[in-house]
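Readers should treat all values here as calculations from the given coordinates under stated rules, not as data from a laboratory. This one's a predicted model, so the numbers in the text were calculated from it and none came from an experiment. Virtual Cβ from ideal backbone geometry, glycine too; neighbours counted across all protein chains shown.
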Amino acid sequence: MLSRKQSQEDTQKSPIKRFLFVLGMLFFMLYLALGLTLIFWKTIPLSITYNGRLAFGILLIAYAFFRFIRLWQNR
């Protein structure tokens, strides 16, 4: 059986942990949006070939999910 203090620590996060979780989710969404933008925006004002944009977009999306998995494990 869990003690009262231990069960309270499991359910309630400190303000710093909450802030870092929200910041991590913000950056996950930022990387995901940037990757999707690179892939689907046809007239992007960068001089990169489509294959380069596609590769970089996929890399950003993969990195976003890697960050999300690490964030979820630390939660």
**Request:** Could you pull the Rg and Dmax for the range 29-75, using just the Cα atoms, both in Å?
**Result:** 12.3, 40
**Complete:** Under the helix-only model (-39500 (n - 2.57) for each DSSP H run of 4 or more, divided by the residues of the chain), the mean residue ellipticity at 222 nm, to 500 deg cm²/dmol, is -27000 deg cm²/dmol
**Prompt:** Which residue, PHE65, PHE19, PHE27, tops the fluctuation ranking in a GNM of the chain built on C-alpha contacts under 10 Å?
**Reply:** PHE19
**Prompt:** Among ALA62, SER14, PHE28, whose Cα lies farthest out toward the positive end of the dipole of the chain, if unit charges sit on the beta carbon of Lys, Arg (+1) and Asp, Glu (-1)?
**Reply:** SER14
**Prompt:** Roughly what angle does helix 15-40 make with the longest principal axis of the chain, taking Cα atoms, 0 to 90 degrees, to the nearest 10?
**Reply:** 20
**Complete:** The simple spin-label model distance between ILE44 and ARG75, using points 7 Å out along Cα→Cβ, in nm, is 2.8
**Complete:** Once phi for every residue in the range 59-69 is put through the Karplus expression 6.51 cos²θ - 1.76 cosθ + 1.60 (θ = phi - 60°), the whole-Hz ³J(HN,Hα) values, with Gly and Pro written as x, are 4, 5, 5, 5, 5, 4, 6, 4, 5, 5, 5
